[in-house]
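For reference, the structure is listed below as structure tokens.
The values are calculated or read from the model by the stated rules, or taken from the named source; none is laboratory data. Because the structure is a prediction, the values reported are computed rather than measured. Cβ: placed from backbone, ideal geometry, glycine included. Neighbour counts: every protein chain shown.
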Amino acid sequence: MVRSVGRYTLSIVQALGDFTLFTGHSFGSALGSRKLGRRVLRAMFEQGVRCLPVILIVGIFTGLVLGLQGYYVLNRFGSESLLGTLVSLSIIRELGPVLAALMLVGQAGSALAAELGIQRNSEQIAALETMGISSHAYLVAPRLIAALLVYPMQTALFCTIGLWGGSISGSMLLGLEPGVYWSAVERAVESRDVSECLLKAVTFGLLTVGLCAYHGFNAHRNKSATGARAVSASTTRAVVQSSIIVLAADYVITSFLI
């Protein structure tokens, strides 16, 4: 049993080391890369524009549900006027960056892992390296750079839509004065809360896109499956691990900044 635990621990440490080197090499290879800006814009379109509908839909319903539940909880204590405080701090500090990252992982992250896995499986990545083109700079670096820009913007949009959802629940459905709601939001939200939200968004973007790219790029190293099944397994592993790392990183960041 001790040998099995040690073997499992070493495999985790090795995987963390491989992921760190993979991410660092990808960022380093971006220096001096030709037409990097064009590829970054394309990656921003994939992560931003294509994921915009799901961000808007999940954001508005998150605010609606949070406003509805929060109103009935606060109503028990006669504190309905604090609904704006509850909704704004819950969304900006926790739900906004976490749910936005999970939605982006589910759509853009899974597509990235599958795309790189197929390119590895069809030897397109090997062909790039044969021609002397850095596959890290061409395929991975633009996605990582785009994530550092797109995730904060998508998170800010998610939070904004979520606040309006809470206002709709409180004002239009439950009769709370709009001025009371938005004045509570203004009093509650500080620059520190916004900074924490954006820090989480950048961290989640780097970790999730890096993990999805890592698993797709190394789909051929899967010993339990080959071909299309290896791509499927790598994509599933990428989404699951990215979702877990978002929650774990959220706890770590919150514990240091709270």
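Quick rundown of the values:
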item: Odd one out for SER167, checked against (1) surrounded by fewer than 18 Cβ atoms within 10 Å (Cβ to Cβ); (2) more than 30 Å from SER122 (Cα to Cα); (3) more than 25 Å from the chain's Cα centre (by Cα); result: (1)
item: Filtered residue count, region 212-256, keeping only those that are more than 16 Å from VAL98 (Cα to Cα) and among the hydrophobic types (A, V, I, L, M, F, W, C); result: 11
item: Near pairs, Cβ below 8 angstrom, 6+ apart or cross-chain, from region 146-173 (over 9 Å from ALA100 (Cα atoms)) to any residue that is outside any helix (DSSP H, G or I); result: GLY170/LEU176; SER171/GLU177
item: Among (1) surrounded by 18 or more Cβ atoms within 10 Å (Cβ to Cβ); (2) over 13 Å from LEU174 (Cβ atoms); (3) in contact with a Leu (Cβ under 9 Å, 6 or more places away or on another chain) - the single one MET103 does not satisfy; result: (3)
item: Among residues of region 193-231, those that are assigned to a helix (DSSP H, G or I) and free of Cβ contacts under 8 Å to residues at least 12 places away in the same chain, counted; result: 3
item: Test: residue in region 106-117 that is surrounded by 18 or more Cβ atoms within 10 Å (Cβ to Cβ), under 29 Å from THR235 (Cα atoms) and of a type in the set (D, E, K, R); result: yes
item: Positions within region 79-94 being under 16 Å from THR160 (Cβ atoms) and crowded, with 20+ Cβ neighbours inside 10 Å, in sequence order; result: GLY84, VAL87, SER88, ILE91, ILE92, ARG93
item: Test: residue in region 156-175 that is in a helix (DSSP H, G or I) and over 17 Å from LEU66 (Cβ atoms); result: yes
item: Qualifying residue in region 74-81 (condition: of a type in the set (Phe, Trp, Tyr), out of contact with any Ser or Thr (no Cβ under 7 Å at 6 or more places or on another chain) and within 30 Å of ALA184 (Cβ to Cβ)); result: yes
item: Which listed residue, of PHE61, PHE45, is at pLDDT 90 or above, of a type in the set (Phe, Trp, Tyr) and over 28 Å from TYR251 (Cα atoms); result: PHE45
item: Number of the exception - GLU46 against (1) closer than 27 Å to ALA233 by Cα; (2) surrounded by fewer than 18 Cβ atoms within 10 Å (Cβ to Cβ); result: (2)
item: Among (1) without any contact (Cβ under 8 Å) to a residue 40 or more places away in the chain; (2) over 17 Å from the mean Cα position of the chain (by Cα) - the single one VAL49 does not satisfy; result: (2)
